[in-house]
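Asker: The structure that follows is given in the form of structure tokens.
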Amino acid sequence: MIKIEATSFVPIYEQIKKEIKRSISLGIFKAHEPLPSIRDLASELIINPNTVARAYRELEMEGFIYTKKGKGCYVSDISSSLIKKERMEILNNVFDEAIKETKNFNLELNEIKKLFEHRLKIAKKGDSKGERK
Amino acid sequence: MFGKLFLKEWKEKISLFIFPFIGMLIFVVVFLSYPSQKFEVMEYLTGVMLLIFLPLTALLLGASGFQSEFKDGAWAYLFSRPIKKWKIWTIKYFSQITILLSILMILRLIIFILAGLKEGMKTSNFYIDTIGNTYMFYICLLLSFCAFTISFSISFLYEKQFIILLVSILIGSGLAFVSYKYFVFLEPFYLYEPGLVGFYIFIALSFVAASILTFIKSDFSQMGKRIWLFSKFLLFFLVISFSLGTILALNIGHEYISSLHKYEGNVYFDTDKGIFRYVPEVDKVERIAKSVSIGQPRSIRAGKVAFIKYGRRFENEELWIMNTDGSQKNCLVRIGNVKDSPFYDSWLDTYILSQDAKKIAFITSKYDKQINDWRSTLWWINSDGTGLKGKILDFPYNAFKLQLIAWPEFGNSLFILLRNYPQKILKFNLESGTHQLVAENLALPLKIQIPPTQNLIAFLQRGKVRQEILSVLDLRTLEKKEVYEADSIDRFVWSNNGDKMAFLAGGNELIVYNLLEDSIKKIEELNYAEPRWYVHDFEFVLNDKKIVVSDEINGEFYLKIFGEGFSEEKQLKIPFHHKDGKPYIWGLNNIVLVQNSEKDELWRVNLDTEEWRKIYH
Amino acid sequence: MSEILRINNLSKSFGRKKVLENFNMALEKGKVYGLLGKNGEGKTTLIQMIMGIIPSDKGEIFYKDEKIKFNDTSYKKEVGYIPEDSFFFSWMKIKELLDLNSSFYPKWNSKKADEYLERFSLDKKMRIRHLSRGMKLKLGLIVALASEPELLVLDDPTSGIDVPTRQDFLKDIIRELCEAGTTILFSTHLVHELERIIEHLSILHGGYLIIDEDYQMVRNLAKKVRMTFENSTPKKFDVEGILREKKEGNRIELVIYPWDEGKKKKLEELSPAHWEMEPLTLEELFVCFVS
């Protein structure tokens, strides 16, 4: 379920951290749910277990997970503010990426705004129309 | 670890068993299909199996020594294991050589069984030589060991087995040939086999040493360097081998002591190492001549010793003369392969010094094609080498069997013994060239005993009813006296002053004959010798007043001394064991020399102090 | 002691050809080292010298701070080795090979060997000559891992193996890593899968290591810059460390190592119309470094 890209600029452990945080904030990983063991995750992703270990370590330091001795790592019961904060982080990253792209096209700020609203409308229409393509 | 690797080698090489197996099968089939009488064929066949087939198998086995490592490229694998390289080498070697040994054992068993199956074979030479003697087996073992060791040692140098095989055959036979020639060069008189065997073993071990060192030190990815390194090591070790072999060859020998002569209070004897003499005054053995042939009777008279020295490969014999202390050695004549000499193509049969040692006489024989027989010539020459004279002997007798027995100072005549039946003693006049019969009907043993005074000879003659007569002949007057007659007279010796003689009659009676008094005195009844030729040896000692006899009591050997009234006075225990009957002794006044012929030792005992000492070994 | 292996000034020539010259390398305990190099550039030679299969001409090798001489063998008890084309005695059965090896290594874990055999569906009675390449690779892995090594040396074992088997192989290595913290030296010219597991990158070229760095650091410092120019493209770039330059009309692609802000400024000064930066795969990195 966790996917990583070896060739990305972003270090692998960062990618793992991001993915896990994302899953937690989206409610995919629930509180007190066990995370895959270092060995299993490393094995599945075919990456160095040290990398996974580092990701887990930092996640624990940041409070997103906790370790039960001998049993493994579990998702923390984190407060809603933390979740919200994470969600904001994610969205911020997404918007920053989009803005970066627009720079390549030399658009004016107004043009960017218009484009954004246009896309929002289309998206909402898609939702209300249900599953129809 | 060793067990597993050992097993690995056996499993790997199991397929190689096919070759010897087929060979042995063919051998068995051929052997059994030949009629029993053809012993020569059996011998030949077995010889081929042992001396050609098995060493060939050994070569093949050795050449394939590292084959699996080459085939599977297992070098890197093997060397990356935590096992020392020398261990890899030695475990492989010993595992594979045990394979070879088991094949040899199986073959030996087969031969044994086959020989037993063939009726009447057990008495043939083949059986005795091959089975009974194990001589051929030891040669087979040696050849196989060397063949295997050499080919194994070079097998890791190159992956093509065929080349390895070829190279090992070349090197192996080349070295065998060279070392044989070298060995003969060092020891021209006869081949002392253990020495040569030692040589071959040293050479094989050189290969082992060079191989292990190269194996450990070389870089496996560079074949050229490997071969070069091996060659350097091999050369080094071969040099050492040859040096060791040389030392071995020059220093060991049969050490077989033979031809002991008493002369003027000293005892002269010879071994592979040369001529020695024991001087009782200083109680020491000294060497007076180096490296001569053995087994040749010597003539010792008037302070001079005559002896024979063999040339290379027995091509010629040289007659030499020297003083009894070894000084002033001089070669008088060379007989044999010497061109433009009267002695060309002749053989030396016998020689003797004149009583004053101013002259020496000798007989040579040469095969004469015209008469299709051997022809003998009697020669005599001055001791300084001048004045060579010769006379062809026209006795109608086989020349080889002539022996010069005495050359007394009077009358310019020689006494010659004819050893062929019918045995005779002749007197030969040097001036006239004529000869006359002096004694005949001699009995065995053909031992002529001459006292130090050299005017008499004692010998045995056959009596009318198969009896033996001890006779004494005066060389000047040619008068013969029959001293004693008995069923058997086994041994007779003169005293040191030449006026008495002791002999063993009837197998157990020790009798003394006094020349001056012309009396016979029975001394003692000794035990019968069992078997008959293990006769007591006896000698006169202590101013000829006592006789010492070597005897055996319950497996232990003693010197018994019979004193003035010739009653047993003393018993001295001989400090060694002797299988071949009672040991030989020589009496020199108060010293008795005892020979231990089993170990080639000479002992002496001082009759006054009863102290024993080994004087030569 | 944090260094399990140290190599000082190693040199090796074959005849006149110098393969390694003043080669230096150090391996820290517990890390995964990737050793890349073109075929024939000396990776195997280096590893064979580490494993005591061939001797060096000059230089020293230290295992756990103790100098190793050419014929020392005790350190090999702790080193697992998987060469390219695992050569074994092809007539042996798997069981025989394992038995033989168990006698060499004091720490041999036969239970582990059996577990792996089962996992790989290998029958002890099979003869090695009947195994496929992939099976031989697995067998080589079993032999290396069952000895419980502290250092695992792999000399391009996976070349010629299909991708799924390669992936399985790597997974097993990783599993081993998790359990034992083994130091791994992985030499190969097949670069692709290494990216995810190595912690340290060494590139062997011209007889010595041209790159010998923490892998992440190298990645961070290697950048691929794509620039599009409106007008004419500049002929020369006043920037050091350009490993590769590709030109396509108005587009230029530069691979630069090591990257820093100064170089970024210099390039920006050239006012490209368009500017993109991409990370490099290990493969691209390798190719750039050795050409």
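Values quoted throughout were computed directly from the atomic coordinates according to the rules given, and no laboratory measurement underlies them. All figures in this text were calculated on a predicted structure; none of them were measured in a lab. Using ideal geometry, Cβ is built from the backbone for each residue, glycine included, and neighbour counts are taken over all protein chains shown.
Asker: As an exercise, use a Förster radius of 35 Å and the Cβ-Cβ distance of residue B:279 and residue B:421 to find the FRET efficiency, rounded to the nearest 0.05.
Answerer: 0.25
Asker: Here is a further query. When you look at the Cβ of every residue in A:7-16, what mean number of other chain Cβ atoms sits within 10 Å?
Answerer: 3
Asker: Points 7 angstrom from Cα along the Cβ direction at residue B:570 and residue B:173: gap in nanometres?
Answerer: 6.5 nm
Asker: Run the paramagnetic zone check for residue B:388: 7 angstrom along Cα to Cβ, then residues of the range B:322-342 with backbone nitrogen under 15 Å.
Answerer: B:331-342
Asker: With Cβ to Cβ distances under 11 Å as the rule, what net charge do the other residues near residue B:367 carry (K, R +1; D, E -1)?
Answerer: Neighbourhood net charge equals 0.
Asker: Within the range A:43-58, whose backbone N sits under 11 Å from a point 7 Å along Cα→Cβ of residue C:171?
Answerer: The answer is A:43-46.
Asker: Using R₀ = 41 Å, calculate the FRET efficiency as 1/(1 + (r/R₀)^6) where r is the Cβ-Cβ separation of residue B:401 and residue B:142; round to 0.05.
Answerer: For residue B:401 and residue B:142, the calculated efficiency is 0.55.
Asker: Looking at B:540, B:147, B:267, which one has the Cα that reaches farthest to the positive end of the dipole of chain B (charges on Cβ: Lys, Arg +1; Asp, Glu -1)?
Answerer: B:147
Asker: Given the DSSP H assignment, sum -39500 (n - 2.57) over each helix run of at least 4 residues in chain B and divide by its residue total; what's the result at 222 nm in deg cm²/dmol, nearest 500?
Answerer: -10500 deg cm²/dmol, from helical runs alone.
Asker: Further question on the same structure: Which entries in the list B:11/C:58; A:71/C:64; B:309/B:546; B:339/B:401 go over 31 Å, if you measure between the two C-alpha atoms of each?
Answerer: Table pairs above 31 Å Cα-Cα are B:11/C:58; A:71/C:64; B:309/B:546.
Asker: If I model a spin label at residue B:345 and residue C:132 as a point 7 Å from the Cα along the Cα→Cβ vector, what separation in nanometres do I get?
Answerer: 8.7 nm
Asker: May I pose another question? What is the calculated FRET efficiency for residue B:464 to residue B:102, with r their C-beta to C-beta distance and R₀ = 51 Å, to the nearest 0.05?
Answerer: Once rounded, the FRET efficiency stands at 0.20.
Asker: Could you check the simple spin-label distance between residue C:242 and residue C:70, using points 7 Å along Cα→Cβ, in nm with one decimal?
Answerer: 4.8 nm
Asker: What net charge is computed for the residues neighbouring residue A:112, neighbours being all others with C-beta under 15 Å from the C-beta of residue A:112, Lys and Arg scored +1, Asp and Glu -1?
Answerer: For residues surrounding residue A:112, the net value is -1.
Asker: Quick check for me: using +1 on Lys/Arg Cβ and -1 on Asp/Glu Cβ, what's the dipole size of chain A about its Cα centre, in debye to the nearest 20?
Answerer: It works out to roughly 440 debye.
Asker: Enumerate the aspartates and glutamates that residue B:92 could reach by cross-link, defined here as Cα to Cα under 16 Å, with residues fewer than 8 away along the same chain left out.
Answerer: Leaving aside aspartates and glutamates fewer than 8 places away in the same chain, those within reach of residue B:92 are B:9, B:12, B:69.
Asker: Output the peptides C:140-146, B:582-588, C:18-24 sorted from most to least packed, where packing is the average of other Cβ atoms within 10 Å over each peptide's residues.
Answerer: The peptides rank, most packed first, as C:140-146, B:582-588, C:18-24.
Asker: Further, regarding this structure: How high is the relative contact order of the range C:224-290, given as a whole-number percent (alpha carbon pairs under 8 Å, six or more residues apart)?
Answerer: Relative contact order here is 44 percent.
Asker: While we're on this one: For every helix of n ≥ 4 consecutive DSSP H residues, a contribution of -39,500 (n - 2.57) applies; sum these over chain C, divide by its total residues, and give [θ] at 222 nm rounded to the nearest 500 deg cm²/dmol.
Answerer: Calculated mean residue ellipticity at 222 nm is -9000 deg cm²/dmol.
Asker: Quickly estimate the mean residue ellipticity at 222 nm for chain A, helices only: each DSSP H run with n ≥ 4 gives -39500 (n - 2.57), and the total goes over all residues, rounded to 500.
Answerer: Result for chain A: -20000 deg cm²/dmol, rounded to the nearest 500.
Asker: Among C:187-197, B:412-422, what's the highest-first ranking by average C-beta atoms within 10 angstrom per residue?
Answerer: Top of the packing list down: C:187-197, B:412-422.
Asker: How much length, in nm to one decimal, is gained on full extension between residue C:268 and residue C:3, taken as 0.36 nm per residue of separation minus their Cα-Cα distance?
Answerer: Once the chain is fully extended between residue C:268 and residue C:3, it gains 91.1 nm.
Asker: Per residue of B:68-80, count partner chain C-beta atoms within 10 Å of its C-beta, then hand back the mean as an integer.
Answerer: Rounded to a whole number, the mean comes out at 6.
Asker: Set Lys and Arg Cβ to +1 and Asp and Glu Cβ to -1, take the dipole of the protein assembly as shown about its Cα centre, and tell me which of A:9, C:290, B:405 lies farthest positive.
Answerer: After comparing all options, I get A:9.
Asker: Continuing with the same structure: Filter the DSSP H helices in chain B by two things, a Kyte-Doolittle mean of at least 1.0 and an axial alpha-carbon span of 30 angstrom or more, and list the hits by number.
Answerer: Passing helices, by number: B:85-117, B:161-186, B:193-217, B:223-251.
Asker: Neighbouring Cβ atoms within 10 Å as the yardstick, rank C:288, B:331, C:178, B:146 fewest first.
Answerer: The fewest-first ordering by Cβ neighbours comes to B:331, C:288, C:178, B:146.
Asker: Hey, got the average number of other protein chain Cβ atoms within 10 angstrom for residues in C:55-64?
Answerer: Partner-chain Cβ atoms within 10 Å, mean over residues of C:55-64: 1.
Asker: Given B:526, C:249, B:196, which one lies farthest toward the positive end of the charge dipole of the protein assembly as shown, if we put +1 on the Cβ of every Lys and Arg and -1 on the Cβ of every Asp and Glu?
Answerer: Checked the options; the winner is C:249.
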